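What follows is a set of notes on a single structure, which appears directly below.
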Amino acid sequence: MEQPENKPEEESLRVQLSELNNRSRWYGAQLWHIPFAYFGIVIVALVQIAVNKNSYLPYILISIGFFGCFVLWHMFGLMDGVKRAVTELQNIEKQLHLRQTAQYRQDYTIPLFIALIILVLASISLGFYLLNCGS
């Protein structure tokens, strides 16, 4: 039996299903790895500053905060990637007449976003505060 021209073959849909599943897992894993790596870098930097009594503390804090903005931006991109991958997974599951198992949930990463936003705002604010106090 011949497939209509605009309908993909079932085997190619299954391959795409597998690839999208891997992609959504990779994005999801990055949503956890990236903020914890950032938190670790911040902790190491602050410990080094405390040990060495660095006079560049305000500049380092401001840099940490602005770097955190890029981390947040990247995390929002990852969230969009997860959403797109899961949406396509759902479409393929529907085309293959499979039970809908793919779900998009963003609520499990909200605490990481909140912690990251607080850290970014606190480090930038403290950095500028220390700059103003020093002058």
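The values are calculated or read from the model by the stated rules, or taken from the named source; none is laboratory data. On a predicted model such as this, the values are computed, not experimentally measured, just so you know. All Cβ positions, even for glycine, are placed from backbone atoms using ideal geometry, and neighbour counts span all protein chains on display. Please note that ligands, DNA and RNA were not included when accessible areas were found on the heavy atoms of the full protein model with its side chains. Shrake-Rupley method; radii C 1.70, N 1.55, O 1.52, S 1.80 Å.
Give the residues of the range 20-43 that are over 18 Å from ASP80 (Cβ atoms) and either among the acidic types (Asp, Glu) or open to solvent by 90 Å² or more (accessible area, probe 1.4 Å) (or both), sorted by residue number. Correct list: PHE36, ILE41, ILE43. Only one entry of LYS83, LYS94, LYS53 meets the criterion of being on the phi > 0 side of the Ramachandran plot and not polar (S, T, N, Q), and that entry is LYS53. Based on what the data block shows, is LEU13 open to solvent by less than 50 Å² (accessible area, probe 1.4 Å) and at pLDDT below 90? So LEU13 fits the description; yes.
In this structure, is TYR59 open to solvent by less than 60 Å² (accessible area, probe 1.4 Å), of a type outside the set (A, V, I, L, M, F, W, C), farther than 29 Å from GLN16 by Cα and touching a residue at least 40 places away in the same chain (Cβ under 8 Å)? In short, no.
Please specify each residue of the range 102-117 satisfying the condition of being part of a loop (DSSP other than H, G, I, E, B) and either over 27 Å from PRO35 (Cβ atoms) or in contact (Cβ under 8 Å) with a residue 12 or more places away in the chain (or both). Passing the criteria: ALA102, GLN103, TYR104, GLN106.
Out of the residues in the range 89-120 meeting the condition of being within 30 Å of PHE67 (Cβ to Cβ) and hydroxyl-bearing (Ser, Thr, Tyr), tell me which one is surrounded by the most Cβ atoms within 10 Å (Cβ to Cβ).
Once the filter is applied, the top-ranked residue is THR109.
The set of residues in the range 8-35 being hydrophobic (A, V, I, L, M, F, W, C) and touching a residue at least 60 places away in the same chain (Cβ under 8 Å) consists of LEU13, LEU17, LEU20, LEU31, TRP32. The condition of being closer than 25 Å to GLN90 by Cα and either touching a Lys or Arg at 6+ places or on another chain (Cβ under 9 Å) or assigned to a helix (DSSP H, G or I) (or both) holds for only one of VAL44, VAL15, that being VAL15.
Residue by residue, here is whether (1) farther than 30 Å from LEU20 by Cβ; (2) under 18 Å from the mean Cα position of the chain (by Cα) holds:
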| residue | (1), (2) |
| --- | --- |
| ILE41 | yes, yes |
| SER55 | yes, no |
| LEU72 | no, yes |
| LEU78 | no, yes |
| ILE92 | no, no |
| ALA102 | no, no |
| TYR108 | no, yes |
| ILE114 | no, yes |
| ASN132 | yes, no |
